[in-house]
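K.L.:
The structure's right below; bear with me while I get my questions together.
The values are calculated or read from the model by the stated rules, or taken from the named source; none is laboratory data. Just so it is clear, the model here is predicted, and its values are computed rather than measured. Cβ atoms come from the backbone with ideal geometry, glycine included; neighbour counts cover every protein chain shown.
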Amino acid sequence: MSAALRDEFEGRGHDLMQTWALHRRGGERDGLPKVMGSGWSEPLDAEHVNEPEFVLAIDHILAGLYKSGFEHTVDIAKRFYLSGEAVWSLAPKVRRTEGFVRLTIRGVCDLVARRITA
């Protein structure tokens, strides 16, 4: 992710989501296409044995949101964290305003931070 994206969002939930993305960028669990990265954002190996426990917990949080009718929220979070797209680039693709996309990402980060203890 670019420096601008790291500066725009901060906090524990954002940090957890970034780590989650490193383990999910390969798309092996949810059928997403592989994303090529460079430097710190390169996808980790597909091995799930050594992934932090909270990575699976985030999967469950996103699945719960999806089942509850918040498909757009999950789509925005996955596109933002897995593809590393900027908010301004992502907003027209999901047919939402930049403000809505920012608010959605912050909401997901807050939910993750509140639900994952430690």
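K.L.:
Kindly indicate whether any position in region 72-88 is among the charged types (D, E, K, R) and either surrounded by fewer than 16 Cβ atoms within 10 Å (Cβ to Cβ) or at pLDDT below 85 (or both). Before the answer, list the steps.
P.N.:
Within region 72-88, the subset among the charged types (D, E, K, R) is 75, 78-79, 85.
Now drop any that are not either surrounded by fewer than 16 Cβ atoms within 10 Å (Cβ to Cβ) or at pLDDT below 85 (or both), which leaves none.
Checked against the condition, which is being among the charged types (D, E, K, R) and either surrounded by fewer than 16 Cβ atoms within 10 Å (Cβ to Cβ) or at pLDDT below 85 (or both), region 72-88 yields no hits at all.
K.L.:
For LEU16, work out the one condition from (1) among the aliphatic types (A, V, I, L, M); (2) under 13 Å from the mean Cα position of the chain (by Cα); (3) at pLDDT below 50 it doesn't fulfil.
P.N.:
Exception for LEU16: condition (3).
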